[in-house]
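See structure below.
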Amino acid sequence: MIKDALKRFKIRDQLSADFLKLLSFAEKTVLAFMLIVLVFVFMEKIGLTDAFLVGGVIGGTIGFIAITAKKMYHNEAFSELRIYADIKQDMLRSAILAIDYSEKKDGVYYPKKRIFSIFYYCKSEVITHKAQNGIHIFTGPHNRLLKLSNIILRGNLTEHYI
C-alpha cells in the first residue's frame, strides 16, 4: 500500500520549532523597507514625483509583509510528511536532487539556495528524513515536501505497475 500524509504545522508550532524564521522575516522586512525608501528617494531626485511619497513607502512595505508572511508561513510552512511505502535509497537521492536539495549529513538535506534568510539556513528550510517501522517521516518546507512526495510516489507507482 502506497500512501502519504502531509501536515502543515500551525504558526505557533513553526515559531517554537524555528525561531530563526521570525528573525529572517524581520531581516527581509527591514531590507525591503530600505529598498523601497531608496526607490522613492530616487524617484524624487530625478523628478518623477514632487515630494517624497510616504504613503507609497508604507503601502509597499505593508504589501511586502503580507506577501512574505504568506510565502514563509503558509506556502513554505514547516510541515511533516509521512509516506507509508518502501522507498529505495537511490530513488530518494534522485528525488531530493530533483527538488534542488543535497545531502549534507545522513538524513539531513539542505537547499542549494537559502530560502528564508540571506545569511543563514533556518531549521524549517532543511529537510530531515527518519525511517521507522516502514514509515518514512520527512520534515521541512511544505511546497518542497509536496514536490518530494509527488516524485517519490510517482516513482513508486511506475515501479509497481511496470
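Looking only at residues in region 107-142 that are among the hydroxyl-bearing types (Ser, Thr, Tyr) and assigned to a loop (DSSP other than H, G, I, E, B), which one is nearest to SER94 (Cα to Cα)? Write out each step before concluding.
First, the residues of region 107-142 that are among the hydroxyl-bearing types (Ser, Thr, Tyr): 109-110, 117, 120-121, 124, 128, 139.
Keeping just the survivors that are assigned to a loop (DSSP other than H, G, I, E, B) gives 117, 120-121.
Working: SER117: 26, TYR120: 25, TYR121: 22 Å.
Here the answer is TYR121.
Here are PHE33, PHE42, PHE52: which of them is in a helix (DSSP H, G or I), more than 30 Å from ILE151 (Cα to Cα) and either in contact with a Leu (Cβ under 9 Å, 6 or more places away or on another chain) or at pLDDT below 95 (or both)? Explain how you work it out, then say what you get.
Values: PHE33 fails: either in contact with a Leu (Cβ under 9 Å, 6 or more places away or on another chain) or at pLDDT below 95 (or both); PHE52 fails: in a helix (DSSP H, G or I).
Within the list PHE33, PHE42, PHE52, the selection yields PHE42.
Kindly indicate whether any position in region 67-85 is loosely packed, with under 15 Cβ neighbours inside 10 Å, part of a helix (DSSP H, G or I), in contact with a helix residue (DSSP H, G or I) (Cβ under 7 Å, 6 or more places away or on another chain) and polar (S, T, N, Q).
Yes, because at least one residue in region 67-85 is loosely packed, with under 15 Cβ neighbours inside 10 Å, part of a helix (DSSP H, G or I), in contact with a helix residue (DSSP H, G or I) (Cβ under 7 Å, 6 or more places away or on another chain) and polar (S, T, N, Q).
For LYS104, which of the numbered conditions (1) touching a Gly at 6+ places or on another chain (Cβ under 9 Å); (2) of a type in the set (D, E, K, R); (3) surrounded by fewer than 16 Cβ atoms within 10 Å (Cβ to Cβ); (4) part of a strand (DSSP E or B) fails to hold?
That leaves (1) as the condition not met.
The values are calculated or read from the model by the stated rules, or taken from the named source; none is laboratory data. Given the structure is predicted, the values throughout are model-derived calculations rather than measurements. Every residue, glycine among them, receives a Cβ derived from its backbone with ideal geometry; neighbour counts consider all protein chains shown.
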